[in-house]
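Scroll down for the structure; my scribbles are underneath it.
The values are calculated or read from the model by the stated rules, or taken from the named source; none is laboratory data. None of these values were measured; they are calculated from a predicted model. Cβ coordinates were reconstructed from backbone atoms using ideal geometry, including for glycine residues, and neighbour counts include every protein chain displayed.
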Amino acid sequence: MKYIELYMKERLKLQPLGKVTFEGLQTMDSDETYGYSVLIDGKDIGLEIWWADYSMWLEDKLTELGFNNQ
């Protein structure tokens, strides 16, 4: 999730004012993670970024740059 802060700025229209860190989100019945919880200055702000949403944004960025799956 290298570009997650850019995702937050472009897709979510959020500009963090502190240090951004992340904590993995896991399902209750397995250890699989499905995204990240965003922490600002170590505080959970209630924002969850799911990998599915983030990957769709990445695909859009690649399409903008002229890359496609064909």
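Observations
- Evaluating LEU25 against the criteria (1) more than 25 Å from ASP60 (Cβ to Cβ); (2) not in a loop (DSSP other than H, G, I, E, B) leaves one unmet condition, (1).
- Among residues of the stretch 1-24 being in contact with a helix residue (DSSP H, G or I) (Cβ under 9 Å, 6 or more places away or on another chain) and closer than 18 Å to SER55 by Cβ, the one that is modelled with the lowest pLDDT is MET1.
- Close contacts from the stretch 59-70, counting a first residue that is farther than 18 Å from LYS2 by Cα and a second that is surrounded by 10 or more Cβ atoms within 10 Å (Cβ to Cβ) and modelled with pLDDT of 90 or more, with Cβ to Cβ under 8 Å and a gap of 6+ residues or different chains, come to ASN68/LEU62.
- Inclusion of LEU17 among residues that are among the hydrophobic types (A, V, I, L, M, F, W, C), exposed (fewer than 14 other Cβ atoms within 10 Å of the Cβ) and within 13 Å of GLU5 (Cα to Cα) is warranted.
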